[in-house]
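The values are calculated or read from the model by the stated rules, or taken from the named source; none is laboratory data. On a predicted model such as this, the values are computed, not experimentally measured, just so you know. Counting neighbours? That spans all protein chains shown, and the Cβs are built from the backbone with ideal geometry, glycine included. The area values use the complete protein model at the heavy-atom level, side chains included, leaving out ligands, DNA and RNA. Shrake-Rupley method; radii C 1.70, N 1.55, O 1.52, S 1.80 Å.
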Number of protein chains: 2
Amino acid sequence: MLCAPPDYAESHVADTDHPFAGLVSRLEANQTLSREDREALLHLPNKLRQLDPGTYIVREGDRPRACGVLISGFAYRQKVTGDGARQIIGLHVPGEALDFQNLFLEVSDHNVQMLTRGEIAEVPIEAFQKIALERPNVGRAILVTTLVEASVFREWVLNIGRRDSRSRLAHLLCEFALRLEAGGAARPDHGYELPMTQEQLADATGLTPVHVNRVLKMLEAEGLIVRNRRHISFPDWHRLRDVGDFNQRYLHVRDRATNGVF
Amino acid sequence: MLCAPPDYAESHVADTDHPFAGLVSRLEANQTLSREDREALLHLPNKLRQLDPGTYIVREGDRPRACGVLISGFAYRQKVTGDGARQIIGLHVPGEALDFQNLFLEVSDHNVQMLTRGEIAEVPIEAFQKIALERPNVGRAILVTTLVEASVFREWVLNIGRRDSRSRLAHLLCEFALRLEAGGAARPDHGYELPMTQEQLADATGLTPVHVNRVLKMLEAEGLIVRNRRHISFPDWHRLRDVGDFNQRYLHVRDRATNGVF
DNA sequence: CGCAGGATTGATTGCATTCAACGACCGTGG
DNA sequence: CCACGGTCGTTGAATGCAATCAATCCTGCG
């Protein structure tokens, strides 16, 4: 990031303060953007909204008029079976767009909800579509981002379908660590504030809250995690990665600096 | 082969016989294409190959040079855990491209394999990329197709994470029926030749082959399915759909003719 | 015929669920 | 300040669904 303008400096938009700075830098991780592309993204019309935990951003069956971009806090995707069992399908960290689906599909097939309190920017879908269609780089960045998301879904299918509860949870903790890191947060082995209740962890792993509790205690007893309230850290990141059968390839991060190190 | 110049009209390619006719009609289901778009697609350079069941089309870790389009037969996506458990992640029916991921991501994150004997057309990725980038409609069609695929992955996460074995299998059978139908095959309630062994069904549902066998017998005893060798039909499609908690919304089919009927 | 892959069945085991209760923490309001 | 209620986390006991282990059967095929 911080690609200084080639022509003249136009710093009336301070990149790091701008609500879309995170979005732009995430898109740039997947696809080179020109200065004009960046400017266009930063000038997307939007309305900022502060949302409480549990607030729905999209509901299954909706025809959304706006595409939300997560500015701060965390969000998750979720579907529910006919008899009310909930499955969390994906997590989102700040800087990620929550609704690329709905730019090009009419009816939403799942729910998106805030996990914590946080801020989102709502961009009218027409404006986002326009920039995606008129600016090849942006269109391609969106496509690549979508492809990476699909890869994450595939890994979740594997995780839930074929790993036991211990590996499943370890894997989820690893993924979250890496996703946070990719956004510029701390190194994965330094731990983080896990924004999920045990019930939500259960919904993300296809387990029950009770069992999640037991498995977390097991991981703790093994010295694989240390918990202090919601804060979680990893005394032996390497071993946790092994237990979780975690290989970051599916995240398609291109950052050479940390690629494969953790 | 088949790289005839695009300048003047060329109807020597009979649409319905052409190997890419299925691909084009599937893309058109998601996005309007101009005549030129169609022609460009039909003239993509490609090499036809007849493949036996189990043949790998892409391997995890590969950097594919070609994008496979399934002309006949069936294929599936698959990942394996560190200790060798396999999870089938998706199925493909004729006319579908198997590798949009690898047009824009460098390293494949999963395996793609033939399920049955069948034919694929290998298109050099540069040619496919070119058409995707230069023809907005084609690019958009690929994006939409990718978004629908992602939606299917999400439904699989739900299916495997939160439904019991009976619903899981019923759901899979329903999905396959609809996917076949979307390609122009028979109506879902008329049954089809299921191209999967019970072991593969197990890998697709996160179960064991033995349990799949028992559940199939259970479904049969309930009168929800009738089996004759690999042929399977559905005496009570509506009830099977209920048992499988199946709602086709996630497939994002736009065909008004059958939408919601089955 | 005999072999191999797939399907079927039975017996047993075990991981995760379910049911139920209790405990810890936090914000709120009297 | 403390009592209170609610959410979340923890623990125990019993249950159950699906896995595992182990044969056997079937069928197409060389």
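Hey, among the residues in segment A:195-207 that are within 11 Å of chain B (Cβ to nearest Cβ) and in a loop (DSSP other than H, G, I, E, B), which one's nearest to the chain's Cα centre (by Cα)?
The residue in question is A:G206.
What residue, among those in segment B:149-169 that are touching a Gly at 6+ places or on another chain (Cβ under 6 Å) and not β-branched (V, I, T), is nearest to the other protein chains (Cβ to nearest Cβ)?
My answer is B:G161.
Evaluate the following for A:A182: is it touching a residue at least 12 places away in the same chain (Cβ under 8 Å), more than 14 Å from chain B (Cβ to nearest Cβ) and open to solvent by less than 10 Å² (accessible area, probe 1.4 Å)?
Numbers: touching a residue at least 12 places away in the same chain (Cβ under 8 Å): yes; more than 14 Å from chain B (Cβ to nearest Cβ): yes; open to solvent by less than 10 Å² (accessible area, probe 1.4 Å): no.
No.
Can you tell me which residues in segment B:101-119 are within 9 Å of another protein chain (Cβ to nearest Cβ) and either of a type in the set (D, E) or over 25 Å from B:T81 (Cβ atoms) (or both)?
B:L103, B:F104, B:E106, B:D109
Just checking, which of A:G68, A:G54 is under 23 Å from A:Q200 (Cβ atoms), open to solvent by 10 Å² or more (accessible area, probe 1.4 Å), touching a Leu at 6+ places or on another chain (Cβ under 9 Å) and more than 10 Å from every other protein chain (Cβ to nearest Cβ)?
Residue meeting the stated conditions: A:G54.
When you scan segment A:8-117 for helices (runs of 4 or more DSSP H) that lie fully inside it, which ones turn up with 1 or more residues that are small (G, A, S)? Steps first, answer last, please.
Values: elements: A:21-30, A:35-42, A:100-104.
Passing ranges, in order: A:21-30, A:35-42.
Kindly indicate the residue of segment A:162-177 that is in a helix (DSSP H, G or I) and surrounded by fewer than 19 Cβ atoms within 10 Å (Cβ to Cβ) and also farthest from DNA strand D (Cβ to nearest atom) among those meeting that condition.
Restricting to residues being in a helix (DSSP H, G or I) and surrounded by fewer than 19 Cβ atoms within 10 Å (Cβ to Cβ), the top hit is A:R166.
Which residue, of A:E134, A:E149, A:E126, A:E122, is touching a Cys at 6+ places or on another chain (Cβ under 8 Å) and open to solvent by 10 Å² or more (accessible area, probe 1.4 Å)?
The conditions single out A:E122.
Considering only residues that are more than 16 Å from A:R162 (Cβ to Cβ), out of contact with any Pro (no Cβ under 8 Å at 6 or more places or on another chain) and not basic (K, R), which ones fall in segment B:211-224? Even if it seems obvious, please write down each step before you answer.
Pass one, segment B:211-224, residues more than 16 Å from A:R162 (Cβ to Cβ): B:213-224.
From the residues that got through so far, the ones that are out of contact with any Pro (no Cβ under 8 Å at 6 or more places or on another chain) too are B:213-222.
Across segment B:211-224, the qualifying residues are B:N213, B:V215, B:L216, B:M218, B:L219, B:E220, B:A221, B:E222.
Among what's in segment B:71-87 and is touching an Asp or Glu at 6+ places or on another chain (Cβ under 7 Å), surrounded by fewer than 20 Cβ atoms within 10 Å (Cβ to Cβ) and touching a residue at least 24 places away in the same chain (Cβ under 8 Å), pick the residue that is nearest to B:S25 (Cα to Cα).
Within segment B:71-87, the match that is nearest to B:S25 (Cα to Cα) is B:S72.
Scan segment B:152-177 and report the pairs whose first residue is free of Cβ contacts under 8 Å to residues at least 24 places away in the same chain and whose second residue is assigned to a helix (DSSP H, G or I), with Cβ atoms within less than 7 Å and a gap of 6+ or a chain change.
From residues that are free of Cβ contacts under 8 Å to residues at least 24 places away in the same chain, the pairs are B:V157/A:F153; B:V157/A:W156; B:V157/A:V157; B:V157/A:I160; B:G161/A:I160.
Looking at segment B:212-231 only, could you name the residues that are among the hydrophobic types (A, V, I, L, M, F, W, C) and more than 10 Å from DNA strand D (Cβ to nearest atom)?
B:L216, B:L219, B:A221, B:L224, B:I225, B:V226, listed by residue number.
Would you point out the residue of segment A:213-225, among those that are within 11 Å of DNA strand C (Cβ to nearest atom) and touching a residue at least 24 places away in the same chain (Cβ under 8 Å), that is nearest to the other protein chains (Cβ to nearest Cβ)? Show your work before the answer.
The initial filter retains those residues of segment A:213-225 that are within 11 Å of DNA strand C (Cβ to nearest atom), namely A:213-215, A:218.
Still in the running and touching a residue at least 24 places away in the same chain (Cβ under 8 Å): A:215, A:218.
Working: A:V215: 16, A:M218: 18 Å.
Looking at residues that are within 11 Å of DNA strand C (Cβ to nearest atom) and touching a residue at least 24 places away in the same chain (Cβ under 8 Å), I get A:V215.
Per-residue answers, yes or no, for (1) within 16 Å of DNA strand C (Cβ to nearest atom); (2) open to solvent by less than 30 Å² (accessible area, probe 1.4 Å); (3) without any contact (Cβ under 8 Å) to a residue 40 or more places away in the chain:
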{"position": "A:H211", "(1), (2), (3)": "yes, no, no"}
{"position": "A:R227", "(1), (2), (3)": "yes, no, yes"}
{"position": "A:R230", "(1), (2), (3)": "yes, no, yes"}
{"position": "A:H238", "(1), (2), (3)": "no, no, yes"}
{"position": "A:D242", "(1), (2), (3)": "no, no, yes"}
{"position": "A:D245", "(1), (2), (3)": "yes, no, no"}
{"position": "A:Q248", "(1), (2), (3)": "no, yes, no"}
{"position": "A:L251", "(1), (2), (3)": "no, yes, no"}
{"position": "A:R254", "(1), (2), (3)": "no, no, no"}
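Does B:N102 qualify as being modelled with pLDDT under 95, crowded, with 23+ Cβ neighbours inside 10 Å and not aromatic (F, W, Y)? Outline the logic, then answer.
Details: modelled with pLDDT under 95: yes; crowded, with 23+ Cβ neighbours inside 10 Å: yes; not aromatic (F, W, Y): yes.
Judged against the criteria, B:N102 is a match.
Please determine, by comparing only the residues of segment A:195-229 that are acidic (D, E) and in contact with a Lys or Arg (Cβ under 7 Å, 6 or more places away or on another chain), which one is nearest to A:R241 (Cα to Cα).
So the residue we want is A:E220.
Please specify each residue of segment B:208-230 satisfying the condition of being at pLDDT below 95 and in a loop (DSSP other than H, G, I, E, B).
B:R229, B:R230
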